[in-house]
Amino acid sequence: MVASNRVPRSDACAGAAAPSPESVLNGAADPARAKAAPGLLRALRTMVGRLPSVRDDVLCYVVAHTDLARLAARRAARRFVVALFLFAALGAWFVLASWRVLAGAAGGLAAALGNTWLADLILGTSVLGLLAACVAVIGKVGARRRWRRLERRYQRRETAVPVAAVPVAAVVEPVGGSRAG
């Protein structure tokens, strides 16, 4: 005989048909229960009757929050695009202003030296050297800041008491509040 995964039904349930949901709600499945809990059946009917409106309310809530998220994403995208254009405009303005200042300085140096290419060479080398010095200083300051942050992190770890080093009696208080008890 082949073993089955089915649960054996008792003889009392073998011939009985399952009650329909409507008969359960109307109390026809078990008249004794219907008389014992009419308030419960009335509340159940009311709750089942309100399920479509609750579903609609939940859907409205979800749609509203989805719309808020979409609106927030659109606002963030707009702000990003505006900031990008402003950054590009500011960068272009800075480059043009710097170019005009350097051109004026090169013209003045050329008038003083009497040679245009020598003035351009001196000024270009000076500007590149100044730029390299600024990058080196900024890198050094950033490295120093990262190093200090790392030192503080390891100092906090050294001063913290490990969990295994704390005795259990120091952590767990007795029920009465004192150990003298």
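The values are calculated or read from the model by the stated rules, or taken from the named source; none is laboratory data. Treat the numbers as computed from the prediction; the structure is a model and nothing was measured. All Cβ positions, even for glycine, are placed from backbone atoms using ideal geometry, and neighbour counts span all protein chains on display.
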* To do: Identify the single condition in (1) modelled with pLDDT under 90; (2) within 33 Å of the chain's Cα centre (by Cα) that residue 90 does not satisfy, given that it satisfies every other one.
  => (1)
* Asked: residue 107: of a type outside the set (A, V, I, L, M, F, W, C) and surrounded by fewer than 10 Cβ atoms within 10 Å (Cβ to Cβ), yes or no?
  -> no
